[in-house]
Amino acid sequence: MTAHRLPAGGLIDRGRPLGFTFDGKRYQGFAGDTLASALLANDVRLVGRSFKYHRPRGLIAAGVEEPNALVELRSGGYREPNTRATVVELFEGLEARSQNRFPSLKFDLLGVNSLLAPLFAAGFYYKTFMWPASFWEKLYEPAIRRAAGLGRHSRQADPDTYEKSHEFCDVLVIGGGTSGIAAAREAAAAGARVILCDEGFAPLDLPDAANLSVFMRCTVFGVYDGGTYGAVQRLTDHLPASHPSARGGPRQRFMKIVADRSILASGAFERPMVFGYNDLPGIMLAGAVATYVTRYAVAPGTNAVIFLNHDDVVPNVQIMADAGIAITAIVDVRATSSEAVRVLSHRIQAPVFAGAVIDRAHGSTAVSGVDIIDARGTKISVPCDLVAMSGGWNPVLHLTSHLDGKPIWDEAIAAFVPGTLPHGMQVVGAAAGCGINANIQPLWLSGQHPAKSFVDFQNDVTARDLILAKQEGFAAVEHLKRYTTLGMATDQGKTSNVNGLAILATETGKTIPETGTTRFRPPYTPVALGVLAGPHRGKYFKPTRLTPTHDFAVANHATFVEAGLWLRARYFAQGTEDRRAAVFREVDAVRNGVGFCDVTTLGKIDIQGPDSVKFLEFVYANGWNDLAIGRVRYGLMLREDGFVMDDGTCARLGQQHFVMTTTTANAAKVMQHMEFCHQVLAPALDVCFVSVTDQWAQLAIAGPHARRVLQRLVDPPFDLSNDAFPHMAAAVPTICGGIAARLFRLSFSGELGYELAVPARYGNALAAQLMQTGADFNITPYGTEALGVMRIEKGHPAGPELNGQTTAHDLGLARLLSRKKDYVGRALAARPALTDPHRPTLVGLKPCDRRTILRAGSHLLRPEAALTAANDEGFVTSAIVSPTLGYPIALALLANGPARIGETIRVYDPIRNGDVLADIVAPVFHDPAGSRRHA
Amino acid sequence: MLDIAPLKFPESEVLQSLSRMSIAGIAAFKGRRAALEAALGLTLPHTPRRVAHGTTNYLWNGHDAWLAMSETPALLENLTTVAAKFAAITDQSDGFVAFRVSGFHRRAILKKLVPIDLHQDVFAPDAVALTLAGQLPVKLWMQDDGSFALAGLRSFSRALHHALEEAAREFVHPGHD
């Protein structure tokens, strides 16, 4: 027996034994234990294998700074790698496994890496696996990562749930130690709204007050702009999966805390001593040993050597001695030691070696002794099963540095202390460097075994790696970090940073302030991605927008498609119809009968005010002065750079009242653009506009029988005849006995068409009514697929053509650009390059054989040209098999397109093996004269 | 007339949908704010506040813009008659769906979704916020009974209800329908 549970003491509940497993073996601990303390109590000292060399490793620390004891918790989809055993609260049934070993912890085949250590020194991978370059991603890196690397991902979906929360306070206290508790008490007593976050789970001595919130198991992991702090609270990690809270509630909560002021009371981490074989299990930080004794009643060893260079260690050694740990030797770096140490040694009857260092440790899977070099240079070998070391304390100043605050070296305590602080932050206690490192004499590297003197335990960086980095020119502290991986990854250099850069300073002959330090970035400790996502995952990753006829569409077996956030009916399959059959049937209904389609998703903007017309003249490229009340017009909007932004229609409902539609995809962008135009470019215009997209359910009713169906819905005496309500007319009739509606005679399909808008509450009812009213015409609901097919047959540009890279000229819409007025985009649209006829311009394509399908994205080349990018003349934007024509057609952007109508072009698709000749035709395939929509 | 099938949402003791209201957008034309206020017979808020006037609530909705909310079906007609000369009046009764979050835990529910401080000393009883609930834009205000109301776009109403329901789950007693 080496490490063992003490017969009394500790903040554990000996009445509540808890069973757990580590690497499949059953152990017992008590409520109040961490996994680490429970393992130590069971004399389990070997807890992991190191990152690169697979060296046996044990616990060094008792808190979040622990670099070695990373374990995998739980199993199946719940498996979580890289958890520090020192912060895992024990619960009944906890399953933990060591990481990074094969096949087992005690017998690790990859330990052979240790023999190859000379090969694995800093920069080895970069230097060795350079050639050939293509091998790096496919071969070298995966192989290296398998051999090195930390824990494994479960490769299953995370079954846990997470949530987010927004907290606000006057004072945020970070850390529940003595200083933090004092600060929280004082601030709360003064009446401030106070939040205290503490990483641990030990109850804190704080009053119960309405203005004081205490979050336990809560890590403040980052500082952000404007007094915002990121924190993660672990809600059920300490509970068995069967616990009701763990079953129903979220596992963790991501908190965004906004605080006027913050008090950082994060304490200090103890520095390891860097000497030969200092990574053997049983070599621990002195403060951690004391913590295991006092808090968990665990003695990590029976026979200890103390290695120190300052006086803070003294009370901790007393604690060890009081717990019955024999103190075999106190190795004090300082030539004359100190009064405090002399008094201690006398009291506990332990020899002091002043002016001495430890050269190296001995042992295989645990420390069995050390070699001391005394002041005269004599080597003294001392057996022991525990080394308690302390090279001084480092203030935990990570959070002070997240907004680029630079730590300052304090020579008196040989430690970095916080420098410039984030706005509103104050640092107290050990975190500020108060009361630490009494009478310290720094020692950065001890003994003659730099290749086995570990600085960064987690990343397996040795003193030799640092010396090598300097020799190879990586002497700047940031270079050193990247070259050696010192202080990287989950560890963030908590125990290693200062030792590392002090060794670098020694090597370069500079002082530590001259050498500088790397700064820290969030997160302070690892944060699960799941908690950052919170509830926004799976189908809730983004919100879903439903149309006002959604329930109708569901009831009529629609297949849906995501269009931005919208869920739209794509087609309405009947019986065993496949997509193509359904779309062909829907198109046929519109071309030869009547159909209807929900077009609510088009952006609808209500525009009112005395300057409405002026505003439309300004934002649209075409003219609006002469649009009569009761008429609709197609509108083309340019961006300021002269390219087409969006198209749509705008109807004049009154003298100074218009309603605009945009494309579905650009609805928000157009609204934003109009706000910009009004607020910034034309603030003098007296116009108001507001989105009414959600207010109105809008259905397109199209087909030769559309008027007959509509006639039955519109209340008399409204006259729908072609003369009274011609193509591009607009009106506000009532329908179905008094429901206020908006009616527009518009055609996207090319057939006689209307768009009918009613308040959104009537959406489903109107769709159902249309089915009933139009039953004798076999009225057919159609989806976005048929809509898209018909617009391609009519050559209307849509998303694939309005791609942000096309001009009005490219789309054959140059005639719309007004010459009588100024408008957004006018000047830049006139640039010669934007009106160059050689620009790819909209044309139609038909395969010469009238059979082979064309695919969007295919490239266009002259039939005789070589298949090179230099000969590329354009590409296919939209392609379908036309139900109306009975063969494939496409829209394309082709250089000098309109002038080449009648020629043949090669449609080449190297990705999907498409290669076909096509006739260049005008982009309107169906009813080019447009007589049908005027019927 | 067409039959209306109103949107249905499961309710709990802390989350209900608000009964249908008439909602009208009001945006004052340039320099006509005073005339608008005179016509309506009240002072409209300059800041994110709510004022009650008769049975109508006026919620600040941006610069010189408000949302009027009322149980009165004639709201739009009345406003148009009185104020159309001074402001753009827009029917939004079908544009928004509103939910009520009530009970002791109402702030604990909302802080999971809403990124603003709803503490009673900060968010006054007549305060209004144009903010987010999760990923969804909402108009948020406190009702006279101390409960919170959130109005979101109709097309997002199921998404908003889902977000609220999830946030409230831990405070809802199982079995309550």
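The values are calculated or read from the model by the stated rules, or taken from the named source; none is laboratory data. Quick caveat, the model's predicted, so the values are computed rather than measured. Neighbour counts are summed over all protein chains in view; Cβ atoms, including those assigned to glycine, are modelled from backbone coordinates with ideal geometry. These accessible areas exclude ligands, DNA and RNA; they are computed on the full protein's heavy atoms, side chains included. Shrake-Rupley method; radii C 1.70, N 1.55, O 1.52, S 1.80 Å.
Cross-link partners among lysines for A:Lys25, C-alpha distance below 25 Å, same-chain residues fewer than 8 apart left out? Hits, sequence-local ones excluded: A:Lys106. Remark: mean inter-chain Cβ contacts per residue of A:757-763 equal 5, using a 10 Å Cβ-Cβ cutoff to other protein chain atoms. In chain A, helices alone account for a calculated mean residue ellipticity at 222 nm of -5000 deg cm²/dmol, with every DSSP H run of four or more residues adding -39,500 (n - 2.57). Projecting the Cα atoms of A:Gln471, A:Ala786, A:Ile12 onto the charge dipole of chain A, computed from C-beta unit charges around the Cα centre, puts A:Ala786 farthest toward the positive end.
Annotation: for a label point projected 7 angstrom from Cα along Cα→Cβ of A:Asp927, residues of region A:596-620 with backbone N closer than 15 Å are A:596. With point charges of +1 on the Cβ of Lys and Arg and -1 on the Cβ of Asp and Glu, referenced to the Cα centre of the protein assembly as shown, which listed residue (A:Thr86, A:Ala286, A:Pro837) lies farthest in the positive direction of the dipole? Farthest towards the positive end: A:Pro837. Taking B:Asp117, A:Asp836, A:Asp588 and ordering them by how much accessible surface each has at a 1.4 Å probe, largest first, produces A:Asp588, A:Asp836, B:Asp117.
Looking at the protein assembly as shown only, what percent of DSSP beta bridges run antiparallel? Nearest 5 please.
The antiparallel fraction comes to roughly 80 percent.
For the peptides A:536-543, A:797-804, the ranking by packing is A:797-804, A:536-543, with the highest mean count of neighbouring Cβ atoms within 10 Å listed first.
Could you give the size of the charge dipole of region A:440-541 about its Cα centre, using +1 on the Cβ of each K and R and -1 on the Cβ of each D and E, expressed in debye and rounded to the nearest 20?
420
When the P(r) is computed for region A:148-236, the part past 23 Å accounts for 33% of the Cα-Cα pairs.
Per residue, the average separation of C-alpha pairs within less than 8 Å and at least 6 apart gives chain A a relative contact order of 8 percent. Summing charges over neighbours of A:Tyr823, with a neighbour being any other residue whose Cβ is under 13 Å away from its Cβ, gives +3 when K and R count +1 and D and E count -1. Computed from point charges on the beta carbon alone (+1 for Lys and Arg, -1 for Asp and Glu), the dipole magnitude for region B:1-115 about its Cα centre is near 560 Debye. Think of chain A as having a plus end and a minus end, set by charges on the Cβ of Lys, Arg, Asp and Glu; of A:Leu861, A:Ile629, A:Phe22, A:Leu861 sits farthest toward the positive end of this dipole.
Helix A:313-322: angle to the longest alpha-carbon principal axis of chain A, degrees 0 to 90, nearest 10? Compared with the principal axis, the helix lies near 70 degrees. Remark: mean inter-chain Cβ contacts per residue of A:687-693 equal 6, using a 10 Å Cβ-Cβ cutoff to other protein chain atoms. For region A:756-826, the Kirkwood hydrodynamic radius from C-alpha pairs, put into Stokes-Einstein at 20 °C and a viscosity of 1.002 mPa s, yields a diffusion coefficient of 134 µm² per second. Highest-first packing order for the peptide set A:249-261, A:521-533 is A:249-261, A:521-533, based on the mean count of other beta carbon atoms within 10 Å.
Let me confirm one metric for peptide A:158-166, namely the mean number of other chain beta-carbon atoms within 10 Å of its residues' beta-carbons.
Counting other chains' Cβ atoms within 10 Å and averaging over A:158-166 gives 3.
Placing A:Ser179, B:Ser19 in order of accessible area, with the largest value first and a 1.4 Å probe, yields B:Ser19, A:Ser179. For chain A, A:Cys169, A:Cys384, A:Cys434, A:Cys597, A:Cys650, A:Cys677, A:Cys688, A:Cys736, A:Cys848 have no disulfide-compatible partner, since no other Cys C-beta lies under 4.7 Å from theirs. Principal-axis analysis of the Cα atoms of chain A puts helix A:784-794 at an angle of about 50° to the longest axis.
Which residues among region A:896-926 fall inside the zone where the amide N is under 15 Å from a point 7 Å beyond the Cα of A:Glu864, along Cα→Cβ? Those under the cut-off are A:903-906.
Against the empirical 2.2 N^0.38 Å (N residues), chain A has a Cα radius of gyration ratio of 1.27. The charge dipole of the protein assembly as shown, taken about the Cα centre with unit charges on the Cβ atoms of Lys, Arg (+1) and Asp, Glu (-1), comes to about 1560 debye, rounded to the nearest 20.
Nearest 5 is fine: what % of DSSP beta bridges in region A:281-434 come out antiparallel, could you say?
Within region A:281-434, antiparallel bridges account for around 45 percent of the total.
For a straight C-alpha distance cut-off of 27 angstrom, the lysines reachable from A:Lys481 (same-chain residues fewer than eight places away being disregarded) are A:Lys52, A:Lys127, A:Lys138, A:Lys406, A:Lys452, A:Lys470, A:Lys494, A:Lys510.
Within the straight-line cut-off of under 28 Å between alpha carbons, the lysines reachable from A:Lys669 are A:Lys539, A:Lys542, A:Lys604, A:Lys614, A:Lys794, A:Lys820, A:Lys821, B:Lys30, B:Lys139, sequence neighbours fewer than 8 places apart in one chain being disregarded. These residues, A:Arg217, A:Arg55, A:Arg708, go from largest to smallest accessible area, 1.4 Å probe, as A:Arg708, A:Arg217, A:Arg55. Can you compute the modelled spin-label distance between A:Arg247 and A:Asp578, with each label point 7 Å from Cα toward Cβ, in nm? In this crude label model, A:Arg247 to A:Asp578 measures out at 4.7 nm.
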